[in-house]
Every structure is written in structure tokens, then in C-alpha cells.
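Take a look at the structure below.
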Ligand code: GLA
């Protein structure tokens, strides 16, 4: 069944009294700038037409209830003292957001809420950020708090860090909240300054190829990468005390102190330092409509993520390698945290069909898995549904 704001509303009407407020919150793509957010670098995400919808209204009794449409499951959160739970796992994303409201001293009334959507889980399209951001926005609006989105996104990120256990950067929550239809955003994750620019793809399209795999250890590997970057900063700081993050590090610094950056730390730092430079070049490419140069950088990013940062997997590498053999593909790379999920491909429109069918067949032959495909549109960030 297709989940839409209306189907969520209908479900709400079946379960609870009152006229609910409808909220939508999107997943995201990221054109370039991967794992740079928590290193104070740049990212280039956009919100997409894969969304989570909420229907929420004040509750008349003194309890709150959240119903997850996908699981047909309800949960009664303690809104005075929200704590992490063992089950259901989906509740933790919402409980973490509630915790932020309680800790922030915001007064909240009891509520009933139904949510569900069409952001594929585990595909690297940030279903968790969509969930956290949508719920934070819903609570803020329901209670007449009108907390600015730029604050809500950090509350959502806190939930991910402390209740979901992933020390993510700010990209996903930023993109989900701040997206604008038809526009990508260039975000400086250090200053949090950003600019929108129209994504003029001419006769090209963005196609996401979904490996349909999500390898175990994603979350722990993510947190390990973050620590490895911090280790690099610690070592280099001894020589250059002004360094605060890998954003301040140059290739030369890495080369000079290579032997001190032991284990995998050198490679991790090299990837990040290069990627931060690459995103700045890529944003110029886009502005100058040089999609060929932009696409070449996508391939370079993938190489770095796969060989230096080591967050790819055989399925993702395979899809990128295959994509390279198509003249119509300007660039292809894994997208998001890694270890599964999607590749993002920049491809000439008239070849999309052929590309998808050839890649699906090759993928099926190699891994026995039916590749997923998402052709996405760029949409507004978290908002009330009229
Ligand atoms: C995940 C995290 C983001 C970002 C990406 C990698 O999506 O949530 O903060 O680090 O991985 O770019």
C-alpha cells in the first residue's frame, strides 16, 4: 500500500479522536562531500521526494501514544521522562527527540501520533533523520513553540547520537529540515553557513542504484572512522596547535607527519582532506555547468571512500565499476555512510532506461540480488502539509 499524508490521516482517524496536524519530512541525497560533515568540511545535499508523514493531535487523556504504520505497532512514551528502550527500536529515534524537548525545558501536552512513509530503510537516504526531524518539527508546531529549524535539526542530531548510538554529522538533519524544491545546498559544516543553488542538470538525471544490502557493523564502523579522524587531529595538533579539525589540515602537513599517523589514520585523513578540497571544486563545476568535471569528481570520491576511507563494500564497488563502462554516465559513487545502500549516478537522460536494465542484470548475475532503483526529485525540507 502507498503511504501518503491521507493514508496516515485516515489511520489516525481510526485510532484517535481529533483533527490531526499533518507534517512531512524528507530523506536526502548528497551529490558530493561524504564523511566531511563531522570533520567541519563541506557537503552538498538536497531533500528528496521520499518522505515520512506524521499526523499528530493533542490527546484528551493523560497519556501519549505513537503508532508506527509500517509495523502496525503502538508505543506509549513517558513524555515527562523519556528514556531509551530495548524494544521497539523505532521508538528510540522519537524518544531521543522527546528527551531534547524535556531537557530544553519546553512544555509539552500529551499527544497521539501516527507516522509512516516511503523512505527506504537502510538505503542510505536518511530515513532516521527524516523521522527525527519530522517528529521534532511536529512537536514544536503542535505545542505552538515554533522552534527555528536550525535549532530543531541539532535536537534531532542529538537523538541520533544518544538514542540511536550513531555519532553522525549534521548533514542529514540539515538536508531534511532545510531543503528547497529543485535546489541543492552547499553547507559549510563549520560555520553552518549555506547557500542554495538550482540543480541545472540539462539533459541529465540523477539515478540511485540500491544494492539492497546493509552490512552489519555500519554504525560501529561509522563511529570508528570518526575516532580515526580525531586521532589524526590529535597527532597533528602537537605540531600545529591551531588545528581544530581536519578542515584545517593540508596535504603537506599529512605528508610531513605521515609516519606519525599510524595504522589506518593516514589514509583516513588523506581522504577527508582531499574530499574537503574536492567539494569546493565541485561546487564551482556545478555553477559553471561543467557536469563532466563534476562527474569526474564523483568517481574520485568513490575511489577515496573505497580505498582510503574503506567504507564501501563489494556490491557498491561493483555498481560503480559497471557504471564507468557507460559513456552516458558522467559520475557514480557510493552515497551516505557506506557499507551498503545506494550509489548516486549522474547520467544522460536518454540512456537511463538502458543503464538501469543493463546494471540490474549484471548485478543480479554477480550477487543474486534484484537491484533497486530510485529516480528522485528534489523537494522542500520538513514542513506542514496543507
Ligand atoms: C551518514 C551520517 C552523516 C554523514 C554521512 C556520510 O549519513 O548521518 O552525518 O556523515 O553518513 O557523509
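The values are calculated or read from the model by the stated rules, or taken from the named source; none is laboratory data. As the structure is a computational prediction, the values presented were derived from the model and not from experiment. So basically every Cβ, Gly included, is an ideal-geometry build from the backbone, and we count neighbours across all protein chains shown.
Go through (1) out of contact with any strand residue (DSSP E or B) (no Cβ under 9 Å at 6 or more places or on another chain); (2) away from the ligand (no atom under 16 Å from the Cβ) and name the single condition residue 156 misses.
(2)
List every residue pair whose Cβ atoms lie under 7 Å apart, where the two residues are 6 or more positions apart in sequence or sit on different chains, the first residue falls within the range 294-318 and is part of a loop (DSSP other than H, G, I, E, B), and the second residue, located anywhere, is surrounded by fewer than 19 Cβ atoms within 10 Å (Cβ to Cβ) and at pLDDT below 95.
311/221; 313/215
Determine if the range 164-173 includes at least one residue that is over 26 Å from residue 40 (Cβ atoms), within 16 Å of the ligand (Cβ to nearest atom) and either assigned by TED's automatic domain parsing to the domain that holds residue 282 or surrounded by fewer than 18 Cβ atoms within 10 Å (Cβ to Cβ) (or both).
no
If residue 177 satisfies every condition in (1) in a helix (DSSP H, G or I); (2) within 11 Å of the ligand (Cβ to nearest atom) but one, which is the exception?
That leaves (2) as the condition not met.
Which condition number does residue 130 fail, the rest of (1) modelled with pLDDT of 95 or more; (2) in contact with a helix residue (DSSP H, G or I) (Cβ under 6 Å, 6 or more places away or on another chain); (3) within 16 Å of the ligand (Cβ to nearest atom); (4) over 24 Å from residue 4 (Cβ atoms) being met?
Every condition holds for residue 130 apart from (4).
Restricting attention to strands (runs of 3 or more DSSP E) lying wholly within the range 1-101, give those where 2 or more residues are under 30 Å from residue 194 (Cα atoms) and away from the ligand (no atom under 16 Å from the Cβ).
Once the strands (runs of 3 or more DSSP E) in the range 1-101 are filtered for at least 2 residues that are under 30 Å from residue 194 (Cα atoms) and away from the ligand (no atom under 16 Å from the Cβ), what remains is 21-30, 45-58.
From the list 208, 236, which one is under 16 Å from the mean Cα position of the chain (by Cα), on the phi < 0 side of the Ramachandran plot and at pLDDT 95 or above?
Going through 208, 236 in turn, the sole match is 208.
So if I check each of 323, 328, which one is in contact with a strand residue (DSSP E or B) (Cβ under 8 Å, 6 or more places away or on another chain), crowded, with 22+ Cβ neighbours inside 10 Å and more than 22 Å from residue 217 (Cα to Cα)?
323
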